[in-house]
Amino acid sequence: MMTLTKNLIYQRFLLTLSKPIQLLVVLCLTSLTASAHHSRSEYSGNPISEIEGTVISISWRNPHVMITVKSLEASGSETLWELEGSDAGTFKRRGLDESQIKVGDDIKAAGRISSRRGTWIAMSNILLPNGVEMVFGQGEPRWADEYVGGKLFREPINQSEKDAVEGIFRLWIRSVGTTYGVQDEPPLTPEARAAYESYDQLIDDPVLDCTLPGMPRVMTVVGYRPIEFEQDGDDILLHSENFNLTRSIHMNSEADVSAIEATPLGYSTGEWDGNTLVVTTTRVSWPFFDLPPLIAIPQSEETKIVERFELDDVNDTLTYGFWAYDPANFTAPIEKSDYMVWGYQPGQERETDGCVDYVDVPAI
């Protein structure tokens with residue numbers, strides 16, 4: 001059973017109040033949170049910094065790889081740096097793995113320092129004792145000619161690889177360079193906006209404790225974790241490396257959806273519109289609506305989500321369109337016709353996404 005976060009407790013508290021008192025509370029808290037709102041991008045915009053030190057621990061796991069480095073300052077004091085990276089599966093696809101760096105290695109590291117946790121760094125580069133550089137993102141090496149990792153590229157696809165798959169039923173990875181293009185200010189009711197502004201991603205996110213997420217997060221907060229479609233009789237299974245969750249898409253459903261119990265992934269029905277799979281999902285019990293850059297908008301079981309997976313069989317891409325409306329929290333639908341693009345990646349496989357509880361370091 002999921003532990004109630006302060007955001008959920010706050011929403012339930014609002015429901016116990018009369019409408020006039022609700023509005024008064026919302027207006028007061030909104031004015032406070034406008035200045036106290038915790039950024040959802042604690043590393044974004046900060047300059048690249050460099051540190052040197054000794055690796056004292058490595059946690060090569062999901063949802064984020066963590067490397068702890070001890071540095072000796074000029075004053076003689078020691079600083080423990082927490083170097084945070086992406087998930088282990090994405091690093092593997094970049095050619096990075098745990099065997100390349102060891103506890104006891106004296107390294108140089110670069111990345112953006114957190115604006116909230118002064119000794120946390122979103123690592124971008126590490127120079128190893130053997131002179132090889134590890135590049136963790138889409139950037140370039142900083143110090144060495146010999147490096148591992150770096151940019152992800154789609155390899156050319158030959159005809160035999162195209163002939164081995166049919167339509168949408170293959171493995172897809174989000175294409176490098178595709179961006180999340182959604183409005184920064186979501187259309188929310190006053191109550192929903194106050195709850196949205198009060199949410200602190202470093203404290204309130206249940207996924208930090210490895211609680212399995214629901215819709216739409218399992219589709220929209222994926223990084224470069226792949227998805228894969230599989231035919232299952234008349235229905236379709238949509239597998240995601242993101243927490244190894246699988247969605248069932250019912251293609252000929254005549255069920256009374258209103259009688260179906262709400263679950264985190266909801267109940268999905270599908271239909272074909274030419275080469276586009278249109279999936280409608282309702283009965284979602286996951287409490288947060290996540291569509292980056294929008295994170296943790298309150299979400300009720302009245303939410304309706306419509307996804308469009310548009311296949312381009314010539315270029316082997318899958319364009320993802322998104323529409324959602326929650327009458328309890330939205331004042332208008334939230335939609336984006338080309339939210340992101342996946343590319344066909346022959347030879348790739350879904351990895352086991354074994355989540356480990358996040359490092360519990362208080363925010364500064």
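A few comments on the model shown:
- Residue count for the range 92-112 satisfying the condition of being surrounded by fewer than 20 Cβ atoms within 10 Å (Cβ to Cβ) and within 15 Å of Asn62 (Cα to Cα): 4.
- Identity of the residue in the range 57-73, over 25 Å from Arg225 (Cβ atoms) and hydrophobic (A, V, I, L, M, F, W, C), that ends up surrounded by the fewest Cβ atoms within 10 Å (Cβ to Cβ): Leu72
- Where a residue in the range 79-101 is at negative phi and its partner, wherever it lies, is assigned to a loop (DSSP other than H, G, I, E, B) and of a type in the set (S, T, N, Q), with Cβ under 8 Å and at least six apart: Thr79/Thr119; Leu80/Thr119; Trp81/Thr119; Glu82/Thr119; Arg93/Gln348
- Of all positions in the range 250-262, none carries a residue that is closer than 30 Å to Phe136 by Cα and in contact with an Asp or Glu (Cβ under 8 Å, 6 or more places away or on another chain).
- Count - residues of the range 323-333 that are crowded, with 21+ Cβ neighbours inside 10 Å and hydrophobic (A, V, I, L, M, F, W, C): 2
- Matching residues in the range 78-106 - criterion: being modelled with pLDDT under 95 and of a type outside the set (D, E, K, R): Gly85, Ser86, Ala88, Gly89, Thr90, Phe91, Gly95
- Scanning the range 277-334 for residues that are within 29 Å of Tyr199 (Cα to Cα) and of a type in the set (Ser, Thr, Tyr) yields Thr280, Thr281, Thr282, Ser285, Ser300, Thr303, Tyr320, Tyr325, Thr331.
The values are calculated or read from the model by the stated rules, or taken from the named source; none is laboratory data. Owing to the predicted nature of the structure, the values given are computational and were not obtained by experimental measurement. Ideal geometry is used to build each Cβ from the backbone, glycine not excepted, and the neighbour counts take in all protein chains shown.
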